[in-house]
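These notes concern the structure reproduced below.
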Amino acid sequence: MTNSIAEVVDADVVLVLGSNTTEAHPVIGAQIRQAVKRGAKLVVAEPREIPLVEDAHIFLKIKPGTNIALLNGLMHVIISEGLYDRDYVENRTEGFEDLWEVVQDYPPEKVAEICGVDVEDLKEAARLYAQADKAPIFYAMGVTQHSTGTAGVMSISNLALLCGKVGKYGCGVNPLRGQNNVQGACDMGCLPGDYTGYQKVANPEARAKFERAWGVKLPEKPGLTVTEAVKAIEDGRVRCLFVMGENPLLSDPNLNHTEEAFRKLDLLIVQDIFLTETAELAHVVLPAACFAEKEGTFTNTERRVQRIRRAVSPPGEARTDWEILDELMRRLGYENNLGSPEETLREIASLTPSYGGFSFQRLDREQPQWPCPTPDHPGTPILHVGRFSRGERALFKPAHYVPPAEQPDEEYPLLLTTGRILYHYHTRTMTGRNAELNRIAGRSFVEINPADAERLGLQQGARVKVKSRRGEVVVDAVVTDRVDEGVIFIPFHFADGAANRLTNDALDPIAKIPEYKVCAARVERC
Amino acid sequence: MLKLTIDGRPVEVSEGTTILEACQFLGIEIPTLCHLEQLKAEGSCRMCVVEVEGVKNLQVSCATPCWDGMVVQTKSERVVSFRRLILELLLANHDTDCFNCPATGRCKLYQYAMEYGVEGSRFVRFKEHHPKDESSEFFNYDPSKCILCRRCVRVCNDLQVNHTLSLKNRGPDTWVGLPFDKLFKDSNCVSCGNCVSVCPTGALTAKAAKSFRIWEVTKTRTTCPYCGVGCQMDLLVKNGEVVGVEPAHGRANPGILCVKGKWAYHFINHPDRLKTPLIRKDGQLQPVSWDEALDYVVEGIKKIKEESGPDAIAGFSSARVTNEENYLFMKMMRAVVGTNNVDHCARL
């Protein structure tokens, strides 16, 4: 997030796009509702009638995969009605002409048609956002998990820049990270082309710095992303995979294909707290401690670094991931080991400018947001104030709307989209162990519009087969107008009725993110 | 700055500070039942009254701003006898079967009654209590324990903004209920449990609450392991097991949690947890010692590295583990294994 969570309660207009906030990030959802209660106007753009729609002043029920058309349409209205921030565009951005060059192809009437929304609602949403003083944009995987995900994010930035809403209190471009420490895993350089703090592997200076600090020669060639690695396993280029605290055999797209690839591995090492679907396939499984059993830090979606503390002991012989990795490095012949998680953070701070000011001692007292280069730096609640990371001016990166990789056809006439529900988390390795949650939401389901259900002769609660080009699952039908005709929704949490047996592994060319949010599917009676 | 005197002690506070806040600053304990620091003062329970020189009536300290030259008494005879009266009035309608109450030990009404020497009530109960609602998967509601402090109602409406709980009827018939007198399980309740976290008595209690008394648990401040919001919370631990979770006041969470943060902690002590390393032998995963497992991993990595080079090895790190562990994983893959094939599930 460019801004801080707590700012939302002061907002005048809140724009939520591709985020089912009250279910996936409930405590931010609650704060958005606090803002609405205080008088803020809420605009929601989503293919489903999510709970936040109840609080929305405008609900744009867009067709899955049409985010970029929508954003371009909003910008078209804002520019043609002269509502953009001329001062800001002139003094703090470049590429406005290029932006208009693209956006002019998206008059509201055309966009309303592409997205399947009311043209007046679209115009009103654009006016509300542009004219508000404090207006944050929140988005999540509904924007990113498309074969055009990167362009979607850039289009959001374009919109915010156009209206002078980057680097300003109560505004910003605010992605909601889905996992407790996904921000931290990125910050820590668990990315094929980056060391900590996004220092590039390709940059010889950065590499030299880490070589000095670690006392070894480091590889130059950038590595493979998760999705590329699966393909490399299939080709036999990757023979050993070490999976720590992840469950790709439920979270990857086109699961049947991933499973086949994993079976080809000569060595699959899985380190986890439960015997996950992935661990069941492993050659060796290492039992790890969970968050309540160890010391360390997580970095939240607003870049705030916070402590976790040991409250109980790990079960049986389980060890913390830190202890396991430390011992493995020793046995693999590395001698400069660190003594503890606390000392590890000290090394991170010494090598990572944005984390330079963090230590356990300080984080016990206060929890600043990065960039926080020194121990006396207060942290950075708002990014890009007065200056962008690329310099004085931000660059507009306009993008044309491209339909999702897979379109409905005669054989697969429905658009399948996936997401989360309130009562479960990711692949349910943790929430699935709560009998109470399982009683509330224990089985996979498909949401289907009453018109489609009638055509197929489906009753509420019927068992149905959902098929795509990649697989099929059997789930319960939930007949509801939360989804429009032609659209179906399956939560991705459940192993039995796994949405990801159906999803498309078409990738965004830059971020390599799979297109989880749209694929073609069909529903049949069982 | 405003200068005032509380119980004979001078204090300076900024404009807008309430008497309660000034007392807290001085470390003077003021009893409160309805006060919630995240929300505007309600001043409804009247337990926090104090005497202000020159003002005829007792003032609620939570809602009265300080002024320059103010002289405050927090424990005068008049204040104490008023608080005793409040407690007696509350006890008149309160089921005092404390022996059976899950809130024993943490009930504020009980605590204040002891502190102020109130052993019963001169007043006679005249109202029938509404029936218990035990329909929620996570908590029970016993209206006979409710003191109408409205903390639950305000948390539900002003912080969670879910509008499930409200005050119903008027005067002596007032009670906390749900729309159309529905049960929790049939209502729009999202089981966030924030009402349970703020209830000062045994009206709203976790179903698990009877398994521990508050003096048996230790609290550990930590960060929620679920989504990326990073809510701060306290783990309640009894005999080495997590038995409950309470919201803390974090920068990202104003003293509230969601259904997962509040209730989904059972995985920690779950019997399915992996307890020993496993190696596949004859097609089956079988328990082995750490030494055997670690050697197996090390030999395997070395062999493949020798045969096919370091890039034949890839690692998926985790968005679930700590920064320090992610750093170590990345360092191991790059500095020790010798490949940049390290990623995690940010995209998934």
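Would the range B:55-69 turn up any residue that is touching a residue at least 60 places away in the same chain (Cβ under 8 Å), surrounded by 20 or more Cβ atoms within 10 Å (Cβ to Cβ) and within 31 Å of the chain's Cα centre (by Cα)? Looking for residues that are touching a residue at least 60 places away in the same chain (Cβ under 8 Å), surrounded by 20 or more Cβ atoms within 10 Å (Cβ to Cβ) and within 31 Å of the chain's Cα centre (by Cα), one finds at least one in the range B:55-69, hence yes.
Would you call B:THR201 part of a loop (DSSP other than H, G, I, E, B), in contact (Cβ under 8 Å) with a residue 24 or more places away in the chain and more than 11 Å from every other protein chain (Cβ to nearest Cβ)?
Values: part of a loop (DSSP other than H, G, I, E, B): yes; in contact (Cβ under 8 Å) with a residue 24 or more places away in the chain: yes; more than 11 Å from every other protein chain (Cβ to nearest Cβ): yes.
When the stated conditions are applied, B:THR201 passes them.
If you go through the range A:273-289 and keep only what is under 14 Å from A:GLY316 (Cβ atoms) and either without any contact (Cβ under 8 Å) to a residue 60 or more places away in the chain or assigned to a strand (DSSP E or B) (or both), you end up with A:LEU275, A:VAL285, A:LEU286, A:PRO287, A:ALA288, A:ALA289.
The listed residues are A:ALA130, A:ALA125, A:ALA135, and the only one of them that is within 30 Å of B:TYR226 (Cβ to Cβ) and either part of a helix (DSSP H, G or I) or in contact with a helix residue (DSSP H, G or I) (Cβ under 6 Å, 6 or more places away or on another chain) (or both) turns out to be A:ALA135.
Entry remark, the range A:79-122: residues being closer than 27 Å to A:PRO64 by Cα and either outside the structural domain of A:ALA45 (by TED's automatic domain parsing) or part of a helix (DSSP H, G or I) (or both) number 20 in total. Residue count for the range A:337-358 satisfying the condition of being touching a Cys at 6+ places or on another chain (Cβ under 6 Å) and crowded, with 22+ Cβ neighbours inside 10 Å: 0.
For the range A:53-68, the set of residues classified as surrounded by 23 or more Cβ atoms within 10 Å (Cβ to Cβ) and farther than 16 Å from A:GLU124 by Cα consists of A:PRO64, A:GLY65, A:THR66, A:ASN67, A:ILE68, listed by residue number. Any residue at all in the range B:246-260 that is closer than 27 Å to B:SER135 by Cβ, at the interface with chain A (Cβ under 10 Å from one of its Cβ atoms) and of a type in the set (Asp, Glu)? So far as the range B:246-260 goes, no, none of its residues is closer than 27 Å to B:SER135 by Cβ, at the interface with chain A (Cβ under 10 Å from one of its Cβ atoms) and of a type in the set (Asp, Glu). Are any of the residues in the range B:213-222 within 11 Å of chain A (Cβ to nearest Cβ), surrounded by 20 or more Cβ atoms within 10 Å (Cβ to Cβ), touching a Ser or Thr at 6+ places or on another chain (Cβ under 9 Å) and among the hydroxyl-bearing types (Ser, Thr, Tyr)? Checked the range B:213-222: no residue is within 11 Å of chain A (Cβ to nearest Cβ), surrounded by 20 or more Cβ atoms within 10 Å (Cβ to Cβ), touching a Ser or Thr at 6+ places or on another chain (Cβ under 9 Å) and among the hydroxyl-bearing types (Ser, Thr, Tyr).
One line per residue, one yes/no per condition, for (1) surrounded by fewer than 21 Cβ atoms within 10 Å (Cβ to Cβ); (2) under 25 Å from the mean Cα position of the chain (by Cα):
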| site | (1), (2) |
| --- | --- |
| A:LEU281 | yes, no |
| A:VAL285 | no, no |
| A:GLU295 | yes, no |
| A:GLU302 | no, yes |
| A:VAL305 | no, yes |
| A:GLU317 | yes, no |
| A:ASP326 | no, no |
| A:LEU332 | yes, no |
| A:GLU335 | yes, no |
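Identification of strands (runs of 3 or more DSSP E) wholly contained in the range B:1-70 with 2 or more residues that are touching a Ser or Thr at 6+ places or on another chain (Cβ under 9 Å) yields B:2-6, B:49-52. Within 24 Å of B:GLY261 (Cα to Cα), of a type outside the set (Val, Ile, Thr), buried (at least 24 other Cβ atoms within 10 Å of the Cβ) and in contact with a helix residue (DSSP H, G or I) (Cβ under 8 Å, 6 or more places away or on another chain) - does that describe any residue in the range A:231-242? No, the range A:231-242 contains no residue that is within 24 Å of B:GLY261 (Cα to Cα), of a type outside the set (Val, Ile, Thr), buried (at least 24 other Cβ atoms within 10 Å of the Cβ) and in contact with a helix residue (DSSP H, G or I) (Cβ under 8 Å, 6 or more places away or on another chain). Checking A:GLY316, A:GLY357 one by one, the residue that is at pLDDT 95 or above, part of a loop (DSSP other than H, G, I, E, B) and in contact with a His (Cβ under 6 Å, 6 or more places away or on another chain) is A:GLY357 and no other.
Rundown of residues vs (1) touching a Pro at 6+ places or on another chain (Cβ under 7 Å); (2) in a helix (DSSP H, G or I); (3) of a type in the set (A, V, I, L, M); (4) facing chain B (nearest Cβ under 9 Å), yes/no style:
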{"position": "A:CYS186", "(1), (2), (3), (4)": "no, yes, no, yes"}
{"position": "A:GLY189", "(1), (2), (3), (4)": "no, no, no, yes"}
{"position": "A:VAL216", "(1), (2), (3), (4)": "no, no, yes, yes"}
{"position": "A:LYS221", "(1), (2), (3), (4)": "no, no, no, yes"}
{"position": "A:VAL230", "(1), (2), (3), (4)": "no, yes, yes, no"}
{"position": "A:LEU241", "(1), (2), (3), (4)": "no, no, yes, yes"}
{"position": "A:PRO253", "(1), (2), (3), (4)": "yes, no, no, yes"}
{"position": "A:THR258", "(1), (2), (3), (4)": "yes, yes, no, no"}
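On the given criteria, is A:ARG522 in a loop (DSSP other than H, G, I, E, B) and either free of Cβ contacts under 8 Å to residues at least 24 places away in the same chain or out of contact with any helix residue (DSSP H, G or I) (no Cβ under 7 Å at 6 or more places or on another chain) (or both)? For A:ARG522, the condition - in a loop (DSSP other than H, G, I, E, B) and either free of Cβ contacts under 8 Å to residues at least 24 places away in the same chain or out of contact with any helix residue (DSSP H, G or I) (no Cβ under 7 Å at 6 or more places or on another chain) (or both) - is not met. I need the full set of residues from the range A:443-461 which are of a type in the set (Gly, Ala, Ser), surrounded by fewer than 17 Cβ atoms within 10 Å (Cβ to Cβ) and touching a helix residue (DSSP H, G or I) at 6+ places or on another chain (Cβ under 9 Å), in order please. Matches in the range A:443-461: none. Before we move on, is B:ARG154 basic (Lys, Arg) and part of a strand (DSSP E or B)? Answer is no for this residue. One residue stands out among those in the range A:204-229 that are under 21 Å from A:ILE510 (Cα atoms) and in contact with a Leu (Cβ under 9 Å, 6 or more places away or on another chain): the one that is surrounded by the fewest Cβ atoms within 10 Å (Cβ to Cβ), which is A:GLU228.
Looking only at residues of the range B:237-249 that are crowded, with 21+ Cβ neighbours inside 10 Å and touching a Gly at 6+ places or on another chain (Cβ under 7 Å), we find that the one that is nearest to B:ARG154 (Cα to Cα) is B:PRO247.
The values are calculated or read from the model by the stated rules, or taken from the named source; none is laboratory data. If you're wondering where the values come from, they're calculated on a predicted model, not measured in any experiment. Cβ sites come from the backbone with ideal geometry, for glycine too, and all protein chains shown count toward neighbours.
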